[in-house]
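The values are calculated or read from the model by the stated rules, or taken from the named source; none is laboratory data. Keep in mind the model is a prediction, meaning the values are calculated, not measured. Here the Cβ positions follow ideal geometry from the backbone for every residue, glycine too, while neighbour counts run over all protein chains shown. Only protein heavy atoms, including side chains, enter the accessible area calculation; ligands, DNA and RNA are left aside. Shrake-Rupley method; radii C 1.70, N 1.55, O 1.52, S 1.80 Å.
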Amino acid sequence: MSPRQRMINLMYIVLTAMLALNVSSDVLNGFSQVQEGIDRTNLNMSARNKVQFEFLEGLYRENPTKAGNAYSRGLEIHGLSDSLYNAIEALKTEIARQADGPKGDYHKIINNDDLEASSVTMLNPATNKGRKLRASLAEYSRMATSMIADPDKRKTVADMLLTKDSPAPGSVTPLPWEQRMFDNMPAVAAVTLLTKLQNDIRQAESEALSSLITSVDIGDVRVNELNAYVIPNSNMIIRGGKYSANIVLAAIDTTQRPTIYVNGARLNNPNGLYEFVPGAVGTHDFSGYIEVARGDGSIDKRPFKSSYTVIEPMATISPTMMNVLYAGINNPISISVPGVPMNAISATMTNGTLTRNGDTWIAHPGKVGTEAVISVSAQLEGRTQSVGSMTFRVRKLPDPTPYLAVKDGSGNTVHYKGSPKRISKAALMAANGLGAAIDDDILNVTYTVVSFNTVFFDQMGNAIPEVSNGSSFSPRQREQFKRLKPGKSFFISNVKAKGPDGITRDISPMEVALN
């Protein structure tokens with residue numbers, strides 16, 4: 001309480017004690033002086049409370065969400081205070097008129113020693129105004145104390161508005177609050193007591209409004225530094241793509257860092273820097289929450305979630321002079337867009353078909369001699385965007401090389417492609433026929449031999465041609481093999497082979513030399 005308020009309360013106690021000693025009328029006139037002093041205090045308190053309520057109302061207009069609850073409770077206590085204050089004002093007037101007649105004014109009570117006026121007004125069993133006042137004060141005390149956060153101030157207000165039964169001075173029998181306050185009480189003293197109650201109500205209202213105003217910001221997070229940040233969706237933008245970034249003002253408290261948890265584990269970096277080495281490629285999610293202390297000591301928990309995409313490190317090296325696709329076979333194609341996951345990439349092809357096979361593509365070109373164009377697009381920011389294309393020449397497959405499938409010394413099947421290498425007669429006799437393939441580890445394509453001739457030379461140097469049985473050796477050719485002597489050789493010529501492109505072609509002859 002203020003020093004003035006404590007002085008008024010002390011005067012009230014002294015005068016009440018003197019009244020109990022049945023002092024003179026001069027002392028009763030002193031109650032009028034106390035009454036006037038408390039009235040002036042009440043006017044000042046009412047003005048102060050009005051300013052506090054208007055300030056709370058201003059906070060509500062600026063931020064209804066933040067101050068809505070405090071303003072609603074402030075409106076309730078402000079209205080109830082005025083209602084109870086005015087009700088007591090009416091009781092004071094009624095006591096004055098009971099003492100001095102219909103024109104009685106409690107500011108200037110003539111019969112200030114009237115001992116019946118307060119009892120008739122407040123203790124009349126037909127109206128029970130004293131009991132009703134007691135109930136109203138108890139309800140008001142309950143509401144006001146519920147709005148005061150400080151426990152010491154809450155107890156002070158509760159004691160100030162206490163209306164419990166207690167014994168009169170010199171007695172041990174508890175009396176009802178209203179009887180002890182108004183029974184056989186001079187009119188001027190009763191009016192002064194009611195004015196004191198009005199003062200208590202304004203004091204309680206002031207404490208409640210102050211606590212509500214403080215509570216508007218008490219749950220806020222305290223900060224001492226403001227920084228501007230640019231948070232882009234991605235730092236890598238494809239030409240023609242869209243750059244997106246949130247430009248935000250971040251408020252931080254450099255004296256007290258928040259606690260950050262990522263995927264259930266506490267982040268130990270005090271600056272909130274989250275670093276790790278990712279493992280598997282693809283898009284991955286992570287989430288967590290931030291704990292920060294509010295001004296009232298409670299913890300505010302704010303969840304977050306995000307994702308990241310891991311791609312393989314890559315460099316595209318393309319020989320522009322050799323962008324070739326071969327007709328008739330599946331041509332593996334690797335397509336990637338840096339910064340874009342594989343499942344967000346699509347591609348099309350002219351002069352042929354292009355199909356996805358996992359993370360690779362298979363190009364199957366059509367007409368030889370006509371260019372094929374592969375166009376690539378990607379899903380960026382929810383829309384499909386073209387990211388590039390490449391032109392390929394379509395060529396027919398090169399001619400294969402004929403070979404004999406024979407066993408080496410270890411029993412493994414190898415391709416014998418002719419002189420200057422030599423094979424044993426046994427290996428020749430074990431071979432079934434002639435094969436043809438492109439097996440240079442760049443293109444591995446198998447052909448089907450349609451027919452071929454063998455040419456042997458007799459002792460006179462005469463050529464003896466023999467015709468195969470498709471891709472297999474004919475019986476006549478095998479007879480010739482049996483007659484071959486060590487160190488001799490023969491030729492395989494007029495070889496015709498058909499590739500996967502459906503084209504039958506003549507391929508180079510080969511010389512077979514025996515050990």
In the stretch 175-198, what count of residues is obtained for those that are part of a helix (DSSP H, G or I), open to solvent by 10 Å² or more (accessible area, probe 1.4 Å) and either of a type outside the set (A, V, I, L, M, F, W, C) or over 26 Å from ASP100 (Cα atoms) (or both)?
4
Pick from the stretch 50-63 the residues that are open to solvent by less than 70 Å² (accessible area, probe 1.4 Å) and out of contact with any helix residue (DSSP H, G or I) (no Cβ under 6 Å at 6 or more places or on another chain): which of them is nearest to ILE201 (Cα to Cα)?
GLU57
The correct count of residues that are open to solvent by 40 Å² or more (accessible area, probe 1.4 Å), over 21 Å from GLN459 (Cα atoms) and modelled with pLDDT of 90 or more in the stretch 484-506 is 5
Heads up, the helices (runs of 4 or more DSSP H) in the stretch 59-174 (entirely inside) with at least 3 residues that are out of contact with any Leu (no Cβ under 9 Å at 6 or more places or on another chain) and either free of Cβ contacts under 8 Å to residues at least 12 places away in the same chain or within 16 Å of LEU197 (Cβ to Cβ) (or both) are 64-100, 129-146, 151-160
In this structure, does GLU207 turn out to be of a type in the set (Asp, Glu), over 27 Å from GLU94 (Cα atoms) and at pLDDT 90 or above?
yes
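Residue-wise test of (1) modelled with pLDDT of 90 or more; (2) part of a loop (DSSP other than H, G, I, E, B); (3) open to solvent by 60 Å² or more (accessible area, probe 1.4 Å); (4) farther than 30 Å from SER46 by Cβ.
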| site | (1), (2), (3), (4) |
| --- | --- |
| ASP200 | yes, no, no, no |
| LEU226 | no, no, yes, yes |
| GLY241 | no, yes, no, yes |
| ILE260 | no, no, no, yes |
| ASN271 | no, yes, yes, yes |
| ALA280 | no, yes, yes, yes |
If we scan the stretch 90-100, do we find a residue that is hydroxyl-bearing (Ser, Thr, Tyr), at pLDDT below 95 and under 26 Å from GLN33 (Cβ atoms)?
yes
For the subset of the stretch 399-416 comprising residues that are touching a residue at least 40 places away in the same chain (Cβ under 8 Å) and open to solvent by 50 Å² or more (accessible area, probe 1.4 Å), which member is nearest to SER334 (Cα to Cα)?
ASP399
Test SER210 against the criterion of being open to solvent by less than 20 Å² (accessible area, probe 1.4 Å), in contact (Cβ under 8 Å) with a residue 12 or more places away in the chain, among the polar types (S, T, N, Q) and farther than 21 Å from SER118 by Cβ, and give yes or no.
no
Determine whether ALA426 is touching a residue at least 40 places away in the same chain (Cβ under 8 Å) and not hydroxyl-bearing (Ser, Thr, Tyr).
no
Counted residues, the stretch 284-311 - those being modelled with pLDDT of 80 or more, open to solvent by 70 Å² or more (accessible area, probe 1.4 Å) and not aliphatic (A, V, I, L, M)
5
I'd like to check something: does the stretch 357-380 contain any residue that is in contact (Cβ under 8 Å) with a residue 60 or more places away in the chain, open to solvent by less than 60 Å² (accessible area, probe 1.4 Å) and polar (S, T, N, Q)?
no
Can you say whether ASN128 is modelled with pLDDT under 90 and at positive phi, as far as the supplied structure shows?
no
Does the stretch 312-325 include one or more residues that are acidic (Asp, Glu) and either modelled with pLDDT of 90 or more or more than 27 Å from VAL262 (Cα to Cα) (or both)?
no
Please go through the stretch 371-398 and pick out each residue that is in contact with a Ser or Thr (Cβ under 7 Å, 6 or more places away or on another chain) and within 30 Å of LEU434 (Cα to Cα).
VAL394
If we scan the stretch 133-150, do we find a residue that is of a type outside the set (Val, Ile, Thr), over 19 Å from ALA208 (Cα atoms) and surrounded by 17 or more Cβ atoms within 10 Å (Cβ to Cβ)?
yes
Residues located in the stretch 404-424, provided they are over 30 Å from LEU325 (Cα atoms) and either part of a strand (DSSP E or B) or of a type in the set (Asp, Glu) (or both):
VAL406, LYS407, ASP408, THR413, ARG422, ILE423
Given the conditions (1) over 20 Å from LEU514 (Cβ atoms); (2) open to solvent by less than 40 Å² (accessible area, probe 1.4 Å), which single one is not true for PHE481?
(1)
So for the stretch 425-440 (the condition being acidic (Asp, Glu), within 30 Å of SER336 (Cα to Cα), open to solvent by 90 Å² or more (accessible area, probe 1.4 Å) and not in a strand (DSSP E or B)), does at least one residue qualify?
no
Can you find a residue in the stretch 380-403 that is in a loop (DSSP other than H, G, I, E, B), over 30 Å from SER489 (Cβ atoms) and among the small types (Gly, Ala, Ser)?
yes
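Quick grid of which residues meet (1) under 19 Å from LYS417 (Cβ atoms); (2) more than 60 Å from the chain's Cα centre (by Cα); (3) in a loop (DSSP other than H, G, I, E, B):
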site	(1), (2), (3)
ILE464	no, yes, no
GLU479	no, yes, no
PRO486	no, yes, yes
PHE490	yes, yes, no
VAL495	yes, yes, no
GLY502	no, no, yes
ALA513	yes, yes, no
Within the stretch 451-478, track down each residue that is among the hydroxyl-bearing types (Ser, Thr, Tyr) and either touching a His at 6+ places or on another chain (Cβ under 9 Å) or surrounded by 18 or more Cβ atoms within 10 Å (Cβ to Cβ) (or both).
THR454, SER468, SER471
